[in-house]
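Enquirer: Have a look at this one before I ask anything.
Laboratory data are not the source of any read-out in this text; all were calculated from the coordinates shown. Just so it is clear, the structure is predicted and the values come from calculations on it, not from any experiment. Every residue, glycine among them, receives a Cβ derived from its backbone with ideal geometry; neighbour counts consider all protein chains shown.
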Amino acid sequence: MALYDTIGQTYRATRRPDPRIGAAIHAALGNVSSVLNVGAGAGSYEPPQTVLAVEPSAVMIAQRPAGAAPVVQAVAEHLPLPDKSVDAAMGVLTVHHWQDVPAGLAELRRVARRRIVLLTSRADVVAKFWLLADYLPIAAPLDPALDTPIDLLTSLLPGAEVTTLPVPRDCTDGFGAAYWSRPEAYLDPVVRAGISIFARSDPAILAEASTGSVTRSNQANGTGSTATFASSRR
Ligand SMILES: C[S@@+](CC[C@H](N)C(=O)[O-])C[C@H]1O[C@@H](n2cnc3c(N)ncnc32)[C@H](O)[C@@H]1O
C-alpha cells in the first residue's frame, strides 16, 4: 500500500495550494504546452497545460477535483510514458518521498523535452527548523526531507538552477514548515494529519515530546523557513 493511502486521508482539508507558491511554480515552468505532474497527489499547483498526472496513492487520486488532468497510478521511478513525450515534468513536495530518487529523476529526464521543475524543502533549513530541532528531535530521523539535500538533486540534474522561495507567513498549503509563525497550529490534529512527519510518527511519542511546549513563534527573530526550486532546462 502506498504511504499516502494511510496518511493522505484528509489531505485537502489543510493542503490548499498557496497562490504565491503556485505563481512561482508556473513561472519556473515558463512557456510550455504539455506538462507531466509527478507525485501529483490531489492536483495542487497543476497548470492547465497538464496532460497527465502520475500518483501512486489511490486515496490521493480520489481527492483530485472533477475536471483535473487524467491520472495514472504509477511511480516516478517507472513513468508510463515514451521518451521526450512532454515539454515539462514537474514534482511538487514529492521527491523526498520517492524510494529511489536517482531512478525517478532519470525518468523525468527521459520523458521531458524541455524542462524539469521540482519544488522541495531544503534539508539544511528543515534540520534547523525550530519545530524539529527544539521540540521534536525524536521525530527528525523519520523526516525523509533530511535525506534529500538540494546538492543531491542538482548533481542528478546537470545545469539545474536553484531558486529559494520563502514560505509565506500565512501560507495556505499546510506542509511541515507552513505554520512557522503560527506555532499553535502544530497542536491541531487536523493540521498534523496533513504533515507527513506527524502522520508517520507514533502519536504517544509525539504527545510526550510536544505537550504544552509548542507555544513560541519565530516572528520575533524573523527566522522562517524556505522551500527551494531546482529547475532544469533540457
Ligand atoms: C506531500 S504529497 C504532494 C502532493 C502534491 N504534489 C501537492 O503538492 O499537493 C507527496 C506525494 O508524493 C507521492 N509519492 C510518494 N512516493 C512517490 C513515488 N515514488 N513516485 C511518485 N509519487 C510519489 C505521494 O503519494 C503523495 O501524493
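Enquirer: Just report the Cα centroid separation between the stretch 32-84 and the stretch 144-208, whole Å.
Expert: 21 Å
Enquirer: When DSSP assigns beta bridges and you keep just the ones with both residues in the chain, what percent turn out antiparallel, to the nearest 5?
Expert: If we restrict to bridges inside the chain, about 45 percent are antiparallel.
Enquirer: Tell me, H97, H26, H78 in order of fewest to most beta-carbon neighbours within 10 Å?
Expert: H78, H26, H97
Enquirer: If packing is taken as the average number of other Cβ atoms within 10 Å across a peptide's residues, how do 113-120, 188-195 rank, most packed first?
Expert: Per-residue Cβ counts within 10 Å, averaged per peptide and sorted highest first, yield 113-120, 188-195.
Enquirer: Related question: Is the shape of the stretch 122-169 best called rounded, prolate or oblate, per the rule: a/c under 1.5 gives rounded, else a/b larger than b/c gives prolate, else oblate, with a ≥ b ≥ c the square roots of the Cα gyration tensor eigenvalues?
Expert: In terms of gyration-tensor shape, oblate.
Enquirer: Here is a further query. May I ask you to evaluate 6.51 cos²θ - 1.76 cosθ + 1.60, the Karplus curve with θ = phi - 60°, for each residue of the stretch 93-104 and list the ³J(HN,Hα) values in order in whole Hz, giving x for glycine and proline?
Expert: 6, 10, 4, 6, 8, 6, 5, 9, 4, x, 5, x
Enquirer: Taking the chain as a Gaussian network, where each spring joins two C-alpha atoms under 10 Å apart, which residue of E161, E46, E55 fluctuates the most?
Expert: Highest fluctuation among the options: E161.
Enquirer: So for the pair Q99, D170, with labels modelled 7 Å out along Cα→Cβ, what separation do we get in nm?
Expert: So the two model labels end up 4.3 nm from each other.
Enquirer: In nanometres, what is the gap between the two model label sites at L152 and A62, each 7 Å from Cα along Cα-to-Cβ?
Expert: Those two pseudo-labels are separated by 3.1 nm.
Enquirer: Using a/c under 1.5 as the rounded threshold, could you call the chain rounded, prolate or oblate? The axes a ≥ b ≥ c are square roots of the C-alpha gyration tensor eigenvalues, and prolate needs a/b larger than b/c, oblate otherwise.
Expert: Here the chain falls in the prolate category.
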